[in-house]
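The values are calculated or read from the model by the stated rules, or taken from the named source; none is laboratory data. Note that the structure is predicted; figures quoted are calculated from it, not measured. A quick note on method: Cβ atoms are made from the backbone with ideal geometry, for glycine too, and the neighbour counts reach across all protein chains shown. Accessible surface is based on the protein model in full, side chains and every heavy atom, while ligands, DNA and RNA are left aside. Shrake-Rupley method; radii C 1.70, N 1.55, O 1.52, S 1.80 Å.
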Amino acid sequence: MIPRIALLGFSIECNRFAPIATEADFAYRCFLRGETLVGDARSNSPQALGEMPGFVTEMDASGPWEPRPILLAMAEPNGPVEHEFFLAMMEEWQAGLRALRGQVEGVFCVMHGAGLTTVLDDPEGAVQALVRAELGEIPFICSYDLHANVSDANVALNDAYVGYLTNPHMDMRERGAESAQLMRRLLKGERFYRAHRRLPIVAPTVSLLTAQGPYAEVINLGQERKAADPRIANVSVMAGFAYGDTPFNGMCAVVTATHQGGADRLADELAEAAWERRDRFVAKLTSIDEATERAMTSEVPLAFADVADNPGGGGRGNTMWLLESFHRAGVEGAVFGVIHDPALAAEAHALGKGAVFEARFNRAAEQDPFSRPFAAEAEVKALSDGKVTGRRGIFAGTAMQLGQTAWLQLGGISVVVISQRTQCADPAFLEHLGIDVAAARAVVVKSRGHFRGGFDEFFNHARIVEVDAPGLTSPILTRFDWKKLPRPVLPIDQDTER
């Protein structure tokens with residue numbers, strides 16, 4: 001019998017402190033129904049991030065199957081999702097699943113794992129519970145971002161839990177393909193068991209790279225154990241997302257195996273390995289003044305990460321702290337990418353290329369403690385409609401919509417302004433306007449870490465400066481008013497014990 005697989009997904013990273021996400025946030029990024037979902041996954045430049053294309057491609061390559069797509073909803077990281085809109089999606093998923101009762105042999109669901117609604121702390125758990133309620137105990141696999149906050153339901157309600165292994169997330173397609181491989185095994189009759197261990201560690205985002213550092217060491221240990229033991233089907237060490245502020249925040253080890261004892265032992269070993277490294281999960285940042293001085297005096301080009309205003313974590317992408325400091329100091333040869341300011345981008349388009357005007361940033365922004373106004377004389381150097389196909393890193397091959405986009409020249413500083421908020425993780429966001437990234441003396445990105453996968457051809461690890469500026473995604477976690485985070489927890493509470 002040719003297996004029929006239901007396809008659906010809900011993927012958004014929610015920052016409890018950011019503005020509410022609405023239907024419009026999903027509509028502009030990725031909201032795919034029915035056969036459009038499958039067509040997108042099989043296209044050369046999909047809207048969806050890599051898991052669904054990876055799953056569909058691997059299922060196509062590994063044998064006959066029939067996809068049964070329902071709805072895939074993805075949005076840029078934001079605040080909690082408007083609950084009424086989430087309920088509308090739940091109704092659509094329920095209707096689609098109910099129509100497939102007795103007509104599918106498996107389910108694949110793309111998750112993120114750090115979702116919130118204005119009511120729920122665990123919307124992913126609600127989606128998984130819905131799948132089980134409508135389709136029962138059929139093979140069910142979920143893929144997750146490694147920044148997932150893992151609830152008990154997220155592990156218990158599926159047959160295989162598949163988390164990313166890389167940060168920046170360079171392996172999304174591979175994890176989709178791995179999910180397909182595990183689905184084929186389940187369809188042949190194998191049974192998987194899961195083990196889940198959570199630690200009182202809510203690590204700063206900048207301490208969670210996978211090329212080096214304590215988190216990389218724990219992930220690598222898990223992969224070594226998996227390679228040596230055929231009973232281990234998947235090992236996912238989940239970093240968590242602090243700004244979700246959930247009751248189940250905390251670094252986790254999730255092991256999927258063909259034997260419960262093997263899963264338990266490895267999950268225990270990984271939890272112990274992470275705990276042994278607990279003192280190394282700290283943020284080491286550079287002050288704004290020092291960053292400005294380095295931009296002025298460095299003998300080699302540098303990349304400066306505005307980690308506290310990362311749209312990839314719910315930041316608004318519009319704080320001015322670094323731009324003001326660089327501009328005031330007269331920094332030359334700098335490129336800033338990308339500032340989210342629809343009103344300014346629209347004005348630049350109305351004025352046209354070559355116009356010189358007073359660029360007023362954040363005149364129409366949501367006024368919060370971070371999105372303060374700034375003005376400076378600027379020249380419109382180039383304009384675009386913001387339709388870009390990613391070239392490198394997490395957005396490679398992905399169709400991106402930046403909205404109206406403008407390259408403004410503020411003295412010696414080039415600033416790229418966009419209308420649809422996203423992090424600057426791909427040099428194509430700058431290059432499509434004619435900016436030569438390789439010629440820049442300093443590149444400032446609104447991104448926490450994913451830019452490393454896109455800009456690594458220009459800047460190695462030693463040439464990256466992570467800056468301590470105010471913002472909704474500051475890695476200095478003591479600056480936030482936590483409501484639901486389990487306490488005590490490291491690194492906030494120094495007296496934390498396991």
Lone unmet requirement of (1) open to solvent by 10 Å² or more (accessible area, probe 1.4 Å); (2) in contact (Cβ under 8 Å) with a residue 12 or more places away in the chain; (3) closer than 27 Å to Trp482 by Cβ; (4) not in a loop (DSSP other than H, G, I, E, B) for Phe86: (1)
Residues of segment 148-176 that turn out to be under 22 Å from Gly106 (Cβ atoms) and open to solvent by 20 Å² or more (accessible area, probe 1.4 Å), as a count: 7
Residue match in segment 215-230 (condition: in a loop (DSSP other than H, G, I, E, B), open to solvent by 20 Å² or more (accessible area, probe 1.4 Å) and farther than 30 Å from Ile20 by Cα): yes
Selected residue [crowded, with 21+ Cβ neighbours inside 10 Å and under 22 Å from His349 (Cβ atoms)] from Ala469, Ala406: Ala406
In segment 319-331, the residues that are open to solvent by 10 Å² or more (accessible area, probe 1.4 Å) and touching a strand residue (DSSP E or B) at 6+ places or on another chain (Cβ under 8 Å): Glu324, His327
Output for segment 20-29, where each listed residue is modelled with pLDDT of 95 or more, in contact with a Gly (Cβ under 9 Å, 6 or more places away or on another chain) and of a type outside the set (Val, Ile, Thr): Ala21
Helices (runs of 4 or more DSSP H) contained in segment 1-82 and holding at least 3 residues in contact (Cβ under 8 Å) with a residue 60 or more places away in the chain and of a type outside the set (Phe, Trp, Tyr): 51-62
Filter result for Arg448 (open to solvent by less than 40 Å² (accessible area, probe 1.4 Å) and at pLDDT below 95): yes
Qualifying position, being among the hydroxyl-bearing types (Ser, Thr, Tyr) and either touching a Lys or Arg at 6+ places or on another chain (Cβ under 8 Å) or open to solvent by less than 10 Å² (accessible area, probe 1.4 Å) (or both), among Thr210, Thr246: Thr246
Residue that is nearest to His147 (Cα to Cα), among those in segment 182-193 that are in contact with a strand residue (DSSP E or B) (Cβ under 9 Å, 6 or more places away or on another chain) and open to solvent by 30 Å² or more (accessible area, probe 1.4 Å): Tyr193
Selected residue [among the acidic types (Asp, Glu), open to solvent by 10 Å² or more (accessible area, probe 1.4 Å) and closer than 26 Å to Gly317 by Cβ] from Glu35, Glu58, Glu23, Glu51: Glu23
Residue list for segment 274-311, filter: small (Gly, Ala, Ser) and either outside any helix (DSSP H, G or I) or open to solvent by 10 Å² or more (accessible area, probe 1.4 Å) (or both): Ala283, Ser287, Ala295, Ser298, Ala303, Ala305
Qualifying residue in segment 176-187 (condition: touching a residue at least 24 places away in the same chain (Cβ under 8 Å), outside any helix (DSSP H, G or I) and not hydrophobic (A, V, I, L, M, F, W, C)): no
Which numbered condition Glu497 misses (of (1) open to solvent by less than 40 Å² (accessible area, probe 1.4 Å); (2) farther than 15 Å from Lys284 by Cα; (3) not aliphatic (A, V, I, L, M)): (1)
All positions within segment 444-498 that are in a loop (DSSP other than H, G, I, E, B), closer than 19 Å to Gly393 by Cβ, in contact with a Leu (Cβ under 8 Å, 6 or more places away or on another chain) and of a type outside the set (A, V, I, L, M, F, W, C): Gly449
